[in-house]
1. Could you pull out every one of the strands (runs of 3 or more DSSP E) wholly within region 36-129 that has 1 or more residues that are among the small types (Gly, Ala, Ser) and farther than 24 Å from residue 204 by Cα?
2. Across region 112-137, what is the number of residues that are without any contact (Cβ under 8 Å) to a residue 12 or more places away in the chain and either charged (D, E, K, R) or over 15 Å from residue 170 (Cα atoms) (or both)?
3. Checking residue 8 against (1) at pLDDT 95 or above; (2) within 22 Å of residue 253 (Cβ to Cβ); (3) within 16 Å of ligand 2 (Cβ to nearest atom), which test does it fail?
4. Where residues in region 29-53 are over 18 Å from residue 63 (Cα atoms) and without any contact (Cβ under 8 Å) to a residue 60 or more places away in the chain, which of them is surrounded by the most Cβ atoms within 10 Å (Cβ to Cβ)?
5. When residue 165 is evaluated against the numbered criteria (1) buried (at least 20 other Cβ atoms within 10 Å of the Cβ); (2) at pLDDT 95 or above, which criterion, by number, is the only one it fails?
6. Just to be sure I understand the filter: pairs with C-beta atoms under 9 Å, separated by 6 or more residues or on different chains, first member in region 214-243 and touching a residue at least 24 places away in the same chain (Cβ under 8 Å), second member assigned to a strand (DSSP E or B) and surrounded by fewer than 14 Cβ atoms within 10 Å (Cβ to Cβ). Which pairs pass?
7. Which of the residues that make up region 94-111 are in contact (Cβ under 8 Å) with a residue 12 or more places away in the chain and either loosely packed, with under 14 Cβ neighbours inside 10 Å or aromatic (Phe, Trp, Tyr) (or both)?
8. Please go through region 50-74 and pick out each residue that is farther than 18 Å from residue 97 by Cα and within 7 Å of ligand 1 (Cβ to nearest atom).
Amino acid sequence: MTAPVLEVKNLEKYFDTNTGWFENKPPVKAVDGISLTVDEGETLALIGESGSGKSTVAETIINIHEATGGLIRYQGEDITNPLKEQLETIRSDIQLVFQDPTSCLNPRRTIEKSLRVPLKATGVAKDKRNQRVQEMLERVGLTDEYLYKYPHELSGGQKQRVNIARALAVEPRLLLLDEPTSALDVSVQAKIIDLLRDLQEELDLTYLFITHDLSVVRNFADETAVMYLGEIQEKGPTEEIFQSPKHPYTRALLSSIP
Ligand code: ADP
Ligand code: MG
């Protein structure tokens, strides 16, 4: 049996918010000992109300934050406190797509430039970069005419397509999607979801999908984990969670579906 693409065990992240020696606030408990597994080509949805720790999980996995405790394994390898070589693997194999489509795009860079930078950073040969940029743009449904535009000339949905292209440019295996459609118009959300689904199929990607959209969870995710106050209250096959939620918090959450 091959190792799961992602395995998280008893992951803890506490934030120290003290700004000086004179302060003595207790650390903020953002993630409080969660465990999850995502197998190759599968989608795990991570749901739960705002502030429950979902983003912190994703950000700790790619080492934006240092874990306070626990273990993160990528394809069987411990990457909790990554060594330099492991950081390189993480930066190309694992990509995070954020909720805000503008947050990762430099307003002064053309789309072409934004897509080229991660290729350079991960060592893609110079003569291959042009072609890769074009391929990626095409893959997310944007034509060449966007290459030399700036972010402000694009709609939210188009910007998110660029962000997805940027994430794909380095040929990742695992995408961490942090509410990638929450900031978009409803009509655009479905298109981005379709795109993500097609890409998963084509490229055999594995997804950790953070979302508020329960219809997306139901139609998309193989497994679902429900977070509340930094802990996973319940997890299992999506259909089981929806059919017979066991935890009162999950029941409350699912009954909020319009
Ligand atoms: P979610 O993504 O589920 O809305 P977050 O992971 O963003 O939740 O936040 C979980 C908790 O951690 C919240 O209480 C939040 O205020 C806190 N938190 C998140 N990031 C930081 C940070 N950089 N510094 C201090 N506290 C943080
Ligand atoms: Mg969040």
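1. Working: elements: 43-47, 69-74, 94-97.
Of the strands (runs of 3 or more DSSP E) lying wholly inside region 36-129, those with at least 1 residues that are among the small types (Gly, Ala, Ser) and farther than 24 Å from residue 204 by Cα span 69-74.
2. 6
3. (3)
4. Filtering first and then ranking leaves 51.
5. (2)
6. Here the result reads 222/237; 223/237; 224/237, each pair linking region 214-243 to a residue that is assigned to a strand (DSSP E or B) and surrounded by fewer than 14 Cβ atoms within 10 Å (Cβ to Cβ).
7. If the condition is that a residue be in contact (Cβ under 8 Å) with a residue 12 or more places away in the chain and either loosely packed, with under 14 Cβ neighbours inside 10 Å or aromatic (Phe, Trp, Tyr) (or both), then 98, 106, 107, 108 are the ones that fit.
8. Those that are farther than 18 Å from residue 97 by Cα and within 7 Å of ligand 1 (Cβ to nearest atom): 51, 52.
The values are calculated or read from the model by the stated rules, or taken from the named source; none is laboratory data. In this text, all values refer to a predicted model and were calculated from it rather than measured experimentally. Positions of Cβ are generated from backbone atoms using ideal geometry, with glycine treated the same way; all protein chains shown enter the neighbour counts.
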